[in-house]
């Protein structure tokens, strides 16, 4: 992901989580809101109960790689917050990829 595509502000995170629409499956929860600009922005986070900082950062790196691989599937004009669930710890990369693609497909139908 490029720097211009990343959401870092805690205010943005809170706004999207509190006011956005939600979709989830066994590995990810995605919140999103529509925006006026013609681009897509992403924020990736995980819970502390997933493990120590090394493990959480590895999960976030893997998820960012999945987003890069499937970036064309996401709709423009939206901000996305992707929350990684604890079940990702034991899942393979291919399972996570398939799960994210399915979730993106569900979002695009809405």
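Quick notes
- Within segment 82-110, the set of residues being under 24 Å from residue 48 (Cα atoms) and part of a helix (DSSP H, G or I) comprises 86, 87, 88, 89, 93, 94, 95, 96, 97, 99, 100, 103.
- Exactly one residue among 61, 78 is under 25 Å from residue 10 (Cβ atoms), loosely packed, with under 14 Cβ neighbours inside 10 Å, modelled with pLDDT under 95 and within 14 Å of the chain's Cα centre (by Cα), and that residue is 61.
- The set of residues in segment 13-55 that are without any contact (Cβ under 8 Å) to a residue 24 or more places away in the chain and in contact with a helix residue (DSSP H, G or I) (Cβ under 9 Å, 6 or more places away or on another chain) contains only 48.
- Residue in segment 68-81 that is in a strand (DSSP E or B) and over 19 Å from residue 110 (Cα atoms) present: no
The values are calculated or read from the model by the stated rules, or taken from the named source; none is laboratory data. This is a predicted model, so every value here is computed, not measured. All Cβ positions, even for glycine, are placed from backbone atoms using ideal geometry, and neighbour counts span all protein chains on display.
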